[in-house]
Amino acid sequence: MIAAAIEDHDRRSWSEGRASDVQRIWIQDVRELAYSIEDSIDRFLHRVTRDPGASSLRQKGQKLKTMSIRAKFAAEIQELRRKSEAASKLRQLYTGGQSSTPGPSASTFVASSTQTPAADLVGMDAPRDEARLFLPDKCTTVSPSATTIHGFGFAHRRRVPGMFSRRSSGKFKLACKFMIAAVSCDDLVECLKFKRFFIVIDDLRTEYWNAIKNAFPKDMGVSSRVIVTTAIQSIANACSADNGHVYVMRALDEKQSRELFFKQTSLEEYAPAEQVMKKCDGLPLALVTTAQLLQSKCQMTPAGCANVCRYMGEHVENEETLARLKHVLLQNYSSLPGHALKACLLYLSIFPSGHPIKRKCLIRRWLAEGFVEADRRSAVDVATDNFKALEDRSIIKPIDISNNAEAKTCQTHGMMLEFILQKSIHENFITSLYDQAGLPDKIRRLSLHRRKGATRDKMNSNIDLSLVRSLTIFGEVGMHITEFSKYELLRVLDLQECEALNDEHLKKISNLLMLRYLSLGGNITTLPKEISNLKFLETLDVRRAKTEIVPMPIEVLKLPCLIHLLGVFSLPDLRQEMKKLQSFLSKKSNLETLAGFVADQSTEFPQLMREMNRLTKVKVWCRPTTNGRNSFSHLSCPIQEFIQRGTDVNEAPSLSLNFEGCLQDFMDFTLEENSCYLSSLKLHGELQSLPPFVTKLASVTEVCLSSPDQLSGDVLAALSNVRSLHYLKLITTELNFVIEQGALKTLRRLCIVVKSLTHLENQEGALPHLESLWLLCKDLNGLCGVRIDRLGRIKEVTLDDAVSEETRNEWKEAAKKHPRRPTICLVKTKEEVDRMRLEGQIREISHSPAAASPEAENQMQVDSGSEASVVHRKRKLGDLLFLRSRKATGTMTTEISSAGSSRDAIPT
């Protein structure tokens, strides 16, 4: 009921204008009441929770011991009920029970009626020319096809159709041309009968295409065109499904952003204002309105620019000059269905500007916070769908893509982050020690963004931290923050970037009984036995610890609620505890992710792995010995049993094995034909042949083979027999690969990272569904045998940035001749980026939105799983480049923003 009241408040505030002061105060009281109820439940539950396996006598004794706690809890509930009734009476007293809201404000009027003059538009020529290529040169089509223009925040999305039609008049003469904001199928049928037309459906936010597409006349003997603009990717895909195209509006590059921004401020250049400009992420509306704000407030001083930049969210909320920008941001937020999805979005304000956010970690944190609940789907599926919903609406943008083309890390747009940070602070959802001037009396979620050399903490050492549910630390903090005994209700603790963390802190952390998510970094060398106190812990992540291998006590494996165990762990001597531990793992353990363990010649880990019945993801490093005993045959049975559990394609497990320096004999087993499924298989080591079980699987979606030596012809030939393979990555030193006719029929993405590519031939009929081809070889010689004209569905080809100009031109010409005009992209390897940085060709930039590239939505990162890993920034051939770099989560990302555009490279 409380969530419904808050959702109703948000909906009315958006549709009717700013909510009344009484309504806003009442909603804030309702939120605090909800927090108090959850706090009371949390304090009560962990004190009275009983062991379900205990005898009835012990359970009765436990009930008697907790009688006083139960009485106290009942009294708290009565007090909360009294507060709820008092808040309701006060609301009725001041409003008469009506939740009235004032009429639309001036901001709403300005947002809906004011547009940027066409003369002030910047960076429109390239999008116009690129989009024009989707128009038919001849009137050959007999039914209209749709071109969808997709982009976030009205990034000149609405300006393209008009320029599109004006500039196309010479090649596309129309009998009917008009703009429509709302459509009726009957009206369309009547209006368009016997006419050739050019229609623009603007800002489509609900999937109406399937309902209205049949209203367009067919079989007229003439070609027509429909253009749809939308901020939602799924709608763009649906509208362009039938021989249509999706054109993604890119943000302005640095040069274009500078031109547009300083045109509005009537200045040539002004260095202090650049920090404000770069916060706009190249979005034209943000650039124009923030420049107008600086000009109207006479803030073109270093102090004024710093003030605008630091308190941008507050300015967006209150300044009339930014009304259009606020309208767009508020529309994106308010259109989110449900209070839970809005909470998931607001939660992103915990992270600093420009900080990459790992998708899986974010989902696990949402679950630990209790933002999502299971319905007909599991809670994990609901959380995953929430992430996809934010990504679909372009509110969050992928910056790192995994092998299966899903987002691995993401960011929010700079202005969207400022908006949700301001809203989170206003609603006391997040307390940001770096971005927030004053601190509330009750802190629920605390984020500290302190940098080296920053001023002292604003937080008083005696402030109450007992109600904090989430603590995230980036960089240095004061000692009073790491006094973990102050935190009573902590659910999420993220210390992976806390520089002061050491082993001494872990014993105190082990007393945080409500903890569900724990991420550690710093100088952690081992885990204490006291960690057994964390009975509710679901995720333990020590991947950022400086210790290469973390010794793990058996108490970790005995945690009853633990689901995800992430890091590089080694086991102690388990001979005395083996039977008890095996019994627990087989009957009570909830462990699903084990990524991962270092295996040696001991048989203890294999024995335990066989008892972990819920495992869905396993990662194992085989550690070679000095005595030459590098056979790991004792791993064969547990690995085989793990694979055989994957009998449901929707719950297929994932397996990663690193056996470099060891024999692969432990994988020489076979399976019953078509009986098992794997979602992912990653093998790193000296592969002499493809393990026989791989071709027996009913399906394996993703395969990554990494070998320090040349992959043999037998391995490559066997890949053609792998069923339902969608994503394939090959990492090796030298490759000669002939893909025969009919081979790899289901493959959609092929990535090859190689030092020397001798020959790569795709015969006619091979790779019929391939959409993305990555050839990362700096010595690539021309097309090297590849025939992209045989790849009917190809959308992009990605090459190493170090390839010769002649090779680039050959690929450009091949792409121009292809009917789908695939994108030709370049990437830099990590080694090349490091070399350029050492030579001073790349300058280090700060970890802030002001330093991020304005075209960050086009940035992706590839994790190859070896030294050949590449970190890259897409660009089009023929562009003038500005090269910058950013250090992000331990990797070096190369960002390349274009100052021009090329019609030879067509974005998908």
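Keeping to segment 607-634, report how many residues are over 23 Å from Glu651 (Cβ atoms) and not β-branched (Val, Ile, Thr).
13
Going by what's in this entry, would Ile399 be described as over 27 Å from Val703 (Cβ atoms) and open to solvent by less than 10 Å² (accessible area, probe 1.4 Å)?
No.
Go through segment 513-523 and report how many residues are in contact with a helix residue (DSSP H, G or I) (Cβ under 8 Å, 6 or more places away or on another chain), surrounded by fewer than 22 Cβ atoms within 10 Å (Cβ to Cβ) and at pLDDT 90 or above.
Matching residues across segment 513-523 total 2.
Here's a check for you: in segment 668-684, which residue that is crowded, with 19+ Cβ neighbours inside 10 Å and in contact (Cβ under 8 Å) with a residue 60 or more places away in the chain is farthest from the chain's Cα centre (by Cα)?
The qualifying residue farthest from the chain's Cα centre (by Cα) is His684.
For His327, which of the numbered conditions (1) farther than 20 Å from Ile232 by Cα; (2) touching a Ser or Thr at 6+ places or on another chain (Cβ under 8 Å) fails to hold?
(1)
When you check Leu799 against the structure, is it open to solvent by less than 10 Å² (accessible area, probe 1.4 Å) and part of a loop (DSSP other than H, G, I, E, B), yes or no?
No, not satisfied.
Looking at segment 499-511, is at least one residue open to solvent by less than 20 Å² (accessible area, probe 1.4 Å) and in a strand (DSSP E or B)?
No, every residue in segment 499-511 fails to be open to solvent by less than 20 Å² (accessible area, probe 1.4 Å) and in a strand (DSSP E or B).
Cβ-Cβ distance below 7 Å, separation of 6 or more or different chains: which pairs start in segment 325-351 with a residue that is in a loop (DSSP other than H, G, I, E, B) and end on one that is open to solvent by less than 30 Å² (accessible area, probe 1.4 Å)?
As it stands, the answer is Leu336/Lys342; Leu336/Leu345; Phe351/Ile357, since those pairs meet every condition given.
Of the residues Asn674, Asn658, which is within 19 Å of Lys729 (Cα to Cα) and either touching a Pro at 6+ places or on another chain (Cβ under 8 Å) or not basic (Lys, Arg) (or both)?
Asn658
For Cys751, state whether it is modelled with pLDDT of 90 or more and touching a Leu at 6+ places or on another chain (Cβ under 6 Å).
Considered against the rule, which asks whether it is modelled with pLDDT of 90 or more and touching a Leu at 6+ places or on another chain (Cβ under 6 Å), Cys751 comes out as no.
If Leu493 passes every condition in (1) over 13 Å from Ala545 (Cα atoms); (2) aliphatic (A, V, I, L, M); (3) outside any strand (DSSP E or B) but one, which one does it miss?
(3)
Could you list, ordered by first residue, the pairs with Cβ atoms under 7 Å in which the first is in segment 251-280 and assigned to a loop (DSSP other than H, G, I, E, B) and the second is among the acidic types (Asp, Glu) and open to solvent by 40 Å² or more (accessible area, probe 1.4 Å), at least 6 apart or interchain?
From segment 251-280, the pairs are Ala251/Glu857.
For segment 282-324, give me each residue that is closer than 20 Å to His426 by Cβ and outside any helix (DSSP H, G or I).
Of everything in segment 282-324, those that are closer than 20 Å to His426 by Cβ and outside any helix (DSSP H, G or I) turn out to be Tyr311, Glu319.
Return the residue satisfying two criteria in turn: it lies in segment 217-243 and is closer than 30 Å to Ile396 by Cα and open to solvent by 50 Å² or more (accessible area, probe 1.4 Å), and of such residues it is modelled with the lowest pLDDT.
Step by step, filter segment 217-243, then rank; the result is Asn243.
Checking the condition more than 30 Å from Gln496 (Cβ to Cβ) and modelled with pLDDT of 90 or more, which residue from Leu322, Leu362 passes?
Of the residues listed, the single one that is more than 30 Å from Gln496 (Cβ to Cβ) and modelled with pLDDT of 90 or more is Leu322.
Keeping to segment 719-750, report how many residues are open to solvent by 20 Å² or more (accessible area, probe 1.4 Å) and part of a strand (DSSP E or B).
Result for segment 719-750: 6.
Among the listed residues Lys60, Lys72, which satisfies the condition of being at pLDDT 80 or above and not hydrophobic (A, V, I, L, M, F, W, C)?
One residue alone meets the criteria, Lys72.
Could you go through segment 543-552 and let me know if any residue there is more than 23 Å from Arg445 (Cα to Cα), among the charged types (D, E, K, R) and at pLDDT 90 or above.
Within segment 543-552, one or more residues are more than 23 Å from Arg445 (Cα to Cα), among the charged types (D, E, K, R) and at pLDDT 90 or above.
Count, please, the residues in segment 196-210 that happen to be charged (D, E, K, R) and loosely packed, with under 14 Cβ neighbours inside 10 Å.
1
Exactly one condition in (1) of a type in the set (A, V, I, L, M); (2) open to solvent by 20 Å² or more (accessible area, probe 1.4 Å); (3) under 12 Å from the mean Cα position of the chain (by Cα); (4) within 26 Å of Leu493 (Cα to Cα) is false for Ala407; which is it?
(2)
Identify, please: which residue in segment 352-377 is among the basic types (Lys, Arg) and assigned to a helix (DSSP H, G or I) and is, among those, most open to solvent (accessible area, probe 1.4 Å)?
Lys360
Per-residue answers, yes or no, for (1) of a type in the set (Val, Ile, Thr); (2) part of a strand (DSSP E or B); (3) in contact (Cβ under 8 Å) with a residue 24 or more places away in the chain:
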residue: Ser586; (1), (2), (3): no, no, yes
residue: Asn590; (1), (2), (3): no, no, yes
residue: Phe597; (1), (2), (3): no, yes, yes
residue: Gln601; (1), (2), (3): no, no, yes
residue: Pro606; (1), (2), (3): no, no, yes
residue: Arg614; (1), (2), (3): no, no, yes
residue: Thr625; (1), (2), (3): yes, no, yes
residue: Leu635; (1), (2), (3): no, no, yes
residue: Gln640; (1), (2), (3): no, no, yes
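Could you tell me which of the residues Ser394, Ser296, Ser353, Ser349 is on the phi > 0 side of the Ramachandran plot and either among the hydroxyl-bearing types (Ser, Thr, Tyr) or out of contact with any Phe, Trp or Tyr (no Cβ under 9 Å at 6 or more places or on another chain) (or both)?
Unique residue meeting the criteria: Ser394.
Got a sec? Which of Leu705, Leu757 is assigned to a strand (DSSP E or B), of a type outside the set (Ser, Thr, Tyr), under 29 Å from Glu796 (Cβ atoms) and under 31 Å from the mean Cα position of the chain (by Cα)?
Every option except Leu705 fails the conditions.
Out of Leu527, Leu512, I need the residue that is of a type in the set (A, V, I, L, M) and more than 20 Å from Arg364 (Cα to Cα). Which one?
After ruling out the rest, the residue left standing is Leu527.
Among the residues of segment 647-655, is there at least one that is more than 26 Å from Leu506 (Cβ to Cβ), part of a loop (DSSP other than H, G, I, E, B) and more than 26 Å from the chain's Cα centre (by Cα)?
The answer is yes; a qualifying residue exists.
The values are calculated or read from the model by the stated rules, or taken from the named source; none is laboratory data. Not measured: the values here are computed from a predicted model. Backbone-built Cβ (ideal geometry, glycine too); neighbour counts: all protein chains shown. Quick note on the areas: whole protein, heavy atoms, side chains included, nothing else; ligands and nucleic acids left out. Shrake-Rupley method; radii C 1.70, N 1.55, O 1.52, S 1.80 Å.
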